[in-house]
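Just below is one structure, and these are the notes that go with it.
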Amino acid sequence: MCGIVGYIGEESAQDILLNGLKKLEYRGYDSAGIALLDDEELNVVKEKGRIAALEAATNQDVTATLGIGHTRWATHGAPSKENAHPHQSHTARFTLVHNGVIENYEQLRNEHLANVELKSETDTEVIVQLVEEWVHSGKTVEAAFRHTLSLLHGSYAIALIDKENDDAIYVGKHKSPLLVGTGDGFNVVASDALAMLQVTDQFVELMDGEIVIVSREGYAIETLDGDTVERGPYTAEIDASDIEKGTYPHYMLKEIDEQPAVIRQLLMQYQDEDGRIKLDDDIRKAIRSSDRLYIIACGTSYHAGLVGKQLLENIAEVPTEVHIASEFSYNMPLLSDKPLFIFISQSGETADSRSVLVNVKEKGHSTLTMTNVPGSTLSREADHTLLLHAGPEIAVASTKAYTAQIAVLSILAVDAAKAQGIELDFDPMKELGIVANAMQSLVDQKDVIEQMARDYLSVTRNAFFIGRSVDYYVCLEAALKLKEISYIQAEGFAGGELKHGTIALIEEGTPVIAIATQSHVNGSIRSNVQEVAARGANTCIVSMEGENDLDDNIVLPEVHEHLTPLVSVVPMQLLAYFAALHRDCDVDKPRNLAKSVTVE
Ligand code: M6R
């Protein structure tokens, strides 16, 4: 979603800000802008659309060494140049960028800004106008900033500059991510460390309700109440090369290809020298002392959670529920006596999940976050963290994080089983190694899957995925992948549900892709395929060695039946990728979507 960058130092800020914004493009946005301050001269450029349009509109002669930049994902007001950030106060003294949502902006506008003509439809503009109001009423800039933030309800990450002070960026944060990066003679601000890795790997975490004044020589953190906070930087352990595409045409393809390596990486991270599972003892205790696990997640992470439930219940006999975060917030089920909440989130920043986390923490429940981003909000705020070790995932469509989530859940399930003395008839780590090899053989068959995309998805307006048992959960993920990047209307269905309504949608040529990896439902899913074929569907069967028929379209290499989602999803990801490519869609940055969904 929206992204913030800021730079104050000795170099020309423009290039650093534009590069930083490019690194944030993956989060999703629909307009962008920068503000540069040079000797009280302010240069603001905003454009609807891509950073390239913004870059084309900038003046290369501006050599300002202080600036802020923003990518906007529209919430209040359409994507437009007027609504793009930065926003300015009516005298143009103050300029501000903001991520998040101000819930009481209308009330603030009515109460305090009746005489100010606003130029945009955004909630953000109210913030910068309020700062100006309080400065006019006699407050110092810092006091005006502090007072403004204290009035805001909702979420924000803010960077503000003052035309009359070229040695400060005023920063504030509540619920939306924001970091200060430090360097020699310069400092930066970023909503994501990736944006500023070009100049530093030293970052300072900010907590909710803190404000920071960032200058060339340092930064001063205070709470909104004015208490000083001492906090030093940490080293962001991200390899800058991990966020480059290299020779790949798209991040999504690179990330699909990385999956075998991610599984091998997880084997190293979660295994000790003797081949035993390596897990934090506190996490083991948290699981052992709970009577029910509640997995909370959104989108693809929710789909991984569904597979996780199956693993935890089938392997470890641990009762597990899976909930969509945005539903759970408003429709909480009756909880067991000793629940453990597991938040699955690639980004660790998803606002819907965070809202549940805040809520259940207030009730005193135990919490664990499974995330790909160390130091992310959900990771910091939960009692425990399990890392996915997948490396930065840049494409909006999640691929390697999904398989990493399932792999970590399988390790958790096996560990929980062992803790209870349940005898397993398989060696989980060896089986994950077999999965990595199977994934490799699938990513090596891109030509086969590209042809499948041509055969089944080139002209259709819809597509259905059917499966039973755990294959059904993979169908949900396959459909999400396809719809989000190719815009083909795609749905995943439980095979048994077809005759209860869905089969009415089948027409001559409707693509129906069946996943058939589970022996106990193999016969039934194949019957479902016959049923839709008899009504004209263009059917395709993805099965697994040992469960396959001779004319199945794709036969996956055999892996342990608990782990089949890790491999059956790979051709589905590639299918979505090629379908989107054939339709000239923006594979990595699909319309209307954001990588990190930081508003509820
Ligand atoms: O960062 P998270 O895992 O919390 O994100 C949750 C969803 O927004 C995310 O999985 C989304 O569904 C993906 N874009 C799907 O590919």
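The values are calculated or read from the model by the stated rules, or taken from the named source; none is laboratory data. These numbers were taken from a predicted model, which means no experiment stands behind them. Note: ideal-geometry Cβ built from the backbone for every residue, glycine included; neighbour counts use all protein chains shown. Note: areas computed on protein heavy atoms with side chains; ligands, DNA, RNA excluded. Shrake-Rupley method; radii C 1.70, N 1.55, O 1.52, S 1.80 Å.
Details
- Candidates Ser150, Ser120, Ser155, filtered to the one that is of a type in the set (Ser, Thr, Tyr) and at pLDDT 95 or above: Ser150
- Any hit, segment 323-330, residues being touching a Leu at 6+ places or on another chain (Cβ under 7 Å) and either within 15 Å of the ligand (Cβ to nearest atom) or modelled with pLDDT of 95 or more (or both): no
- Criterion: in the same structural domain as Leu566 (by TED's automatic domain parsing), at pLDDT 95 or above and not aliphatic (A, V, I, L, M) - qualifying residue of Glu484, Glu507: Glu484
- Asn314 open to solvent by 10 Å² or more (accessible area, probe 1.4 Å) and under 26 Å from Val262 (Cα atoms): yes
- Of all the numbered requirements in (1) within 16 Å of the ligand (Cβ to nearest atom); (2) open to solvent by less than 10 Å² (accessible area, probe 1.4 Å), Val567 misses one, and that requirement is (1).
- In segment 511-534, the condition of being open to solvent by 20 Å² or more (accessible area, probe 1.4 Å) and within 16 Å of the ligand (Cβ to nearest atom) is met by no residue.
A quick yes/no check of all residues on (1) touching a Leu at 6+ places or on another chain (Cβ under 7 Å); (2) among the β-branched types (Val, Ile, Thr); (3) under 20 Å from Lys175 (Cβ atoms):
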residue: Ser336; (1), (2), (3): no, no, no
residue: Phe343; (1), (2), (3): yes, no, yes
residue: Ser366; (1), (2), (3): yes, no, no
residue: Ala382; (1), (2), (3): yes, no, yes
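- Qualifying position, being among the aliphatic types (A, V, I, L, M), open to solvent by 10 Å² or more (accessible area, probe 1.4 Å) and more than 18 Å from Val569 (Cβ to Cβ), among Leu480, Leu498, Leu505: Leu505
- Pairs with Cβ under 6 Å, 6+ apart, first in segment 122-142 and within 17 Å of Glu103 (Cα to Cα), second of a type in the set (Val, Ile, Thr) and open to solvent by 10 Å² or more (accessible area, probe 1.4 Å): Gln129/Val116
- There is no residue in segment 214-225 that is out of contact with any Pro (no Cβ under 6 Å at 6 or more places or on another chain) and under 30 Å from Val414 (Cβ atoms).
- Pairing residues of segment 24-48 that are touching a residue at least 12 places away in the same chain (Cβ under 8 Å) with residues that are crowded, with 19+ Cβ neighbours inside 10 Å and among the aromatic types (Phe, Trp, Tyr), at Cβ distances under 6 Å and at least 6 apart in sequence or on separate chains, gives Gly28/Trp73; Tyr29/Trp73.
- Spans of helices (runs of 4 or more DSSP H) in segment 236-319 with at least 3 residues away from the ligand (no atom under 16 Å from the Cβ): 259-269, 281-288, 299-316
- Any hit, segment 397-415, residues being open to solvent by 10 Å² or more (accessible area, probe 1.4 Å) and assigned by TED's automatic domain parsing to the domain that holds Arg284: yes
- The number of residues in segment 328-343 that are surrounded by 15 or more Cβ atoms within 10 Å (Cβ to Cβ) and under 15 Å from Ser355 (Cβ atoms) comes to 4.
- Of all residues making up segment 175-189, the number that are buried (at least 24 other Cβ atoms within 10 Å of the Cβ) and under 22 Å from the mean Cα position of the chain (by Cα): 7
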